[in-house]
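Only one structure is covered here, and it is reproduced in the block below.
The values are calculated or read from the model by the stated rules, or taken from the named source; none is laboratory data. Computed from a predicted structure; not experimentally measured. For neighbour counting, all protein chains shown are included, and Cβ atoms are generated from backbone atoms with ideal geometry for every residue, glycine included. Quick note on the areas: whole protein, heavy atoms, side chains included, nothing else; ligands and nucleic acids left out. Shrake-Rupley method; radii C 1.70, N 1.55, O 1.52, S 1.80 Å.
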Amino acid sequence: MSSVESSAAQLENITEALKECQNAKQGKESCSECENFFSCDLRRSYVRLVYIVDLENKTKVLKECQKAKQGKESCFGCESFFSCDLRHSYVKAAYDKMCEGEDKGFAF
């Protein structure tokens with residue numbers, strides 16, 4: 001099983017656990033009104049995994065493009081280097097994973 005598949009499977013499991021918790025505590029489909037919202041390890045794990053899975057998926061797609069266009073594992077030298085939506089999407093996913101979606105004041 002690849003790391004992408006492994007992380008996706010972990011995300012599925014934690015999503016189910018989170019839904020069970022939401023239903024048990026509030027009978028709702030959201031954590032926003034839970035008294036443990038800010039201290040909940042389950043919610044934190046879910047958020048972390050969402051960004052990990054997104055970055056892993058974007059990395060996989062970018063590597064496939066790099067190999068298809070240039071036969072190597074780099075975007076350097078590609079004619080679309082500065083305008084590539086795949087590359088921009090990957091960079092954004094990497095940044096989002098680092099700060100788990102919070103705006104840390106860094107502009108691309």
- Of all residues in segment 1-43 being touching a Phe, Trp or Tyr at 6+ places or on another chain (Cβ under 9 Å) and not in a loop (DSSP other than H, G, I, E, B), the one that is nearest to Ala94 (Cα to Cα): Leu11
- Query: Hey, does segment 16-26 have a residue that's under 25 Å from Ser2 (Cα atoms), open to solvent by 60 Å² or more (accessible area, probe 1.4 Å) and either touching a strand residue (DSSP E or B) at 6+ places or on another chain (Cβ under 7 Å) or modelled with pLDDT of 95 or more (or both)?
  - Reply: no
- Filter segment 87-103 for residues that are part of a helix (DSSP H, G or I) and either open to solvent by 60 Å² or more (accessible area, probe 1.4 Å) or acidic (Asp, Glu) (or both); the one that is farthest from Gln10 (Cα to Cα) is His88
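Residues are listed down the side, and each one gets a yes or a no for (1) among the β-branched types (Val, Ile, Thr); (2) without any contact (Cβ under 8 Å) to a residue 60 or more places away in the chain; (3) surrounded by 14 or more Cβ atoms within 10 Å (Cβ to Cβ):
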position: Ser6; (1), (2), (3): no, yes, no
position: Ile14; (1), (2), (3): yes, yes, yes
position: Cys31; (1), (2), (3): no, yes, yes
position: Arg43; (1), (2), (3): no, yes, yes
position: Thr59; (1), (2), (3): yes, yes, yes
position: Ala68; (1), (2), (3): no, yes, no
position: Gly71; (1), (2), (3): no, yes, no
position: Cys75; (1), (2), (3): no, yes, yes
position: Asp85; (1), (2), (3): no, yes, no
- Please work out which residue is modelled with the lowest pLDDT, limiting yourself to segment 56-86 and to residues that are farther than 30 Å from Gln10 by Cβ and in a helix (DSSP H, G or I). Gln70
